[in-house]
Structure formats: C-alpha cells, structure tokens
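Read through the structure below, which is laid out as structure tokens, and then see the notes.
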Amino acid sequence: MKVLLLGGTGEARSLAQALSGAGVDVVSSLAGRTTDARLPVGAVRQGGFGGVDGLTDWLRDNAVGAVVDATHPFAATMTEHAAAAAHQLDLPLLVLRRPGWTAAEGDVWHWVDSPDAAARLLPDIGSRAFLTIGRQGIHAFAGAGVWMLARCVDPPEPMPTWCELILDRGPYDVPGELTVLREHEIDVLVTKDSGGPQTSAKLVAARQLGVAVIVIRRPPLPAGVQVVETTTEVLAWVEAHVD
Ligand code: NAP
C-alpha cells in the first residue's frame, strides 16, 4: 500500500527516512516553493496538487492507501485539503502536529490570532522589532510604524523596503540569537507558534534579555481529524494501516 507523506518539515524528512527504511512504499510531497529545499530520502513529488479536486485525483491515480500530513502547523490550507480529499475517498488520514510552545518564567508573551493582529499590537509593545514569521504574512507589517528586522529563508515578494532583512535558515542556537537581538537592539520579537526545537532558541534569548514576544496562534485543525504529536506515533499508525 502506498502512503502519501505531506511534508516540508524536519519531522516529515525523518518520517520519510524511517518509512523508506522499513520498506513502506512512501511518496513525500513538497510544495516546491523553497529554493534549495532539503529533500527527503525516497520518492518525492513537488508542487501543488491543484486544490482538493487535484489532490483527490492524485490520490486515486496513484493508488494511495493512507495519508500522513506532516506539514508545518501553519500550512492550514494543505491540511484542510488533505482532510477533505481523504474524507471523499474514505482514506485513513493522520496529522502530525508537534506541540506548540509554552511560556516559561520570565517570559512576556502576547498572543494574537494573525499577522495583522500582531502588526496592530506591535507599536504598543516595542520600537525595534525582530520578525521571525517567514515570508508569508510579512507584508502585514509594512505600516506598523516601528523599526523592523525580518528573517526569512527565501526573500519575500515583493521585496520589503520598510525593514532590514536577514536571509537564513535554522536551526539557530541561543548564542547566535542573543547576538542578533543585542546587535539590533531588539525590544520585541514576533513569532508564529511553530513549536519544536529548530527555531526555539530565539525564545530563550528573548527571555534572557527581557525582550517581549508577540506569538501568533496556530490556525485550527479541520474537525474530526486524528492528530498525534510524535513521529513514533506516526510510525506505529502506518504500521497498523499498511498491509
Ligand atoms: P498552505 O498555505 O497550507 O498551502 C498552500 C498551497 O500550497 C496548498 O493548497 C497546496 O497547493 C500547496 N502545498 C502546501 N504544502 C504542500 C505539500 N506538502 N505538497 C504539495 N503541495 C503543497 O502551505 P504553506 O504554509 O504555504 O506551506 C508550504 C509548505 O512549506 C508546506 O509543505 C509546509 O509544510 C512548509 N512550511 C510552511 C511553513 C509556514 O510557516 N507556513 C513553515 C515551514 C515549512 P494545491 O492547493 O495546489 O494543492
């Protein structure tokens, strides 16, 4: 039985390796928008499917028997499409969502629902902001009216003229994040609640320096989907579903 693994995350790459190693017929799928993407081992397809209908056709044409959605917690459209297509074809679907971040003692976190809400709140919280939300949603901050530094993997389109830009890809460590915050005299950090260790060093650095943090909440998951938090649980689920 073939398994479609919706990826674009470190967990998806680990899963592709583990599933391929276990002899599972797995195809990883990437959106194909990141230049120089780290490719998973095994079979890979790239690019959008063309909405729910395109994904449904692809699943049927490729005789997929189960779907694992290991996309990023903020890839809400892909997750909705996967749930809808799996429902239409009555296919088993499992969503892997790493746990979100939680504030620790000393943290000053402000939770908001969207990049727009974060941009509105920003001038009340600080005057020198570090935006670490990726390139999507960054244009919501264009008129925020404070000095801004943004960090993305690939350049945003159009290229923002209203902020300084660092092009870089994690994982990041605490000493490096302390340097960025200090050198740019950052007093407010803006992040999505991505969760996981790859990009959490900035939160530790912000705590150490007393920098406030605006955290964008995750979009909700589609109703009724089965969700697990670890790759170990995914492997057990696949084993139970693969004949
Ligand atoms: P999204 O908004 O949920 O998806 C937009 C469209 O991109 C989907 O409708 C689909 O196009 C296509 N797509 C997304 N993920 C895909 C995948 N794994 N395989 C094939 N097509 C995919 O997604 P996004 O937030 O732009 O994220 C794109 C990719 O980057 C995802 O794979 C995600 O895991 C990864 N990523 C996202 C973030 C983030 O913060 N959003 C961070 C790190 C990594 P069609 O409708 O044409 O099928």
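The values are calculated or read from the model by the stated rules, or taken from the named source; none is laboratory data. Just so we're clear, the structure is a prediction, and the values are computed from it rather than from any experiment. Glycine gets a Cβ as well: all are built from the backbone with ideal geometry, and neighbour counts include every protein chain shown. The protein model used for the area step is the full one, side chains on, heavy atoms only, and it has no ligands, DNA or RNA in it. Shrake-Rupley method; radii C 1.70, N 1.55, O 1.52, S 1.80 Å.
Would you please name the residue that is nearest to the ligand (Cβ to nearest atom), looking only at residues in the stretch 93-102 that are surrounded by fewer than 17 Cβ atoms within 10 Å (Cβ to Cβ) and in contact (Cβ under 8 Å) with a residue 24 or more places away in the chain?
GLY100
Please count how many residues of the stretch 94-109 are over 21 Å from ALA75 (Cβ atoms) and in contact with a helix residue (DSSP H, G or I) (Cβ under 6 Å, 6 or more places away or on another chain).
Number satisfying all stated conditions: 2.
Would you pick out the residues in the stretch 192-205 that are in contact with a helix residue (DSSP H, G or I) (Cβ under 7 Å, 6 or more places away or on another chain) and either among the hydroxyl-bearing types (Ser, Thr, Tyr) or at pLDDT 95 or above (or both)?
Those that are in contact with a helix residue (DSSP H, G or I) (Cβ under 7 Å, 6 or more places away or on another chain) and either among the hydroxyl-bearing types (Ser, Thr, Tyr) or at pLDDT 95 or above (or both): ALA201, LYS202, VAL204, ALA205.
Is it the case that VAL227 is assigned to a helix (DSSP H, G or I), within 16 Å of the ligand (Cβ to nearest atom), assigned by TED's automatic domain parsing to the domain that holds ALA85 and closer than 28 Å to LEU5 by Cβ?
no
When both residues are 6+ apart or on different chains and their Cβ atoms are under 6 Å apart, which pairs have a first residue that lies in the stretch 136-152 and is assigned to a loop (DSSP other than H, G, I, E, B), and a second that is open to solvent by less than 50 Å² (accessible area, probe 1.4 Å)?
Pairs found: GLY137/PRO115; ALA144/ALA119; ALA144/LEU122; VAL146/LEU122; VAL146/ALA129.
Pairs under 8 Å by beta carbon, first residue modelled with pLDDT of 95 or more and open to solvent by 50 Å² or more (accessible area, probe 1.4 Å) in the stretch 70-83, partner more than 6 Å from the ligand (Cβ to nearest atom) and part of a loop (DSSP other than H, G, I, E, B), six or more apart or different chains?
Short answer, once both residue conditions are applied: HIS72/SER194; GLU80/PRO222.
Kindly indicate the residue of the stretch 29-56 that is near the ligand (Cβ under 8 Å from one of its atoms) and assigned to a loop (DSSP other than H, G, I, E, B) and also surrounded by the most Cβ atoms within 10 Å (Cβ to Cβ) among those meeting that condition.
PHE49
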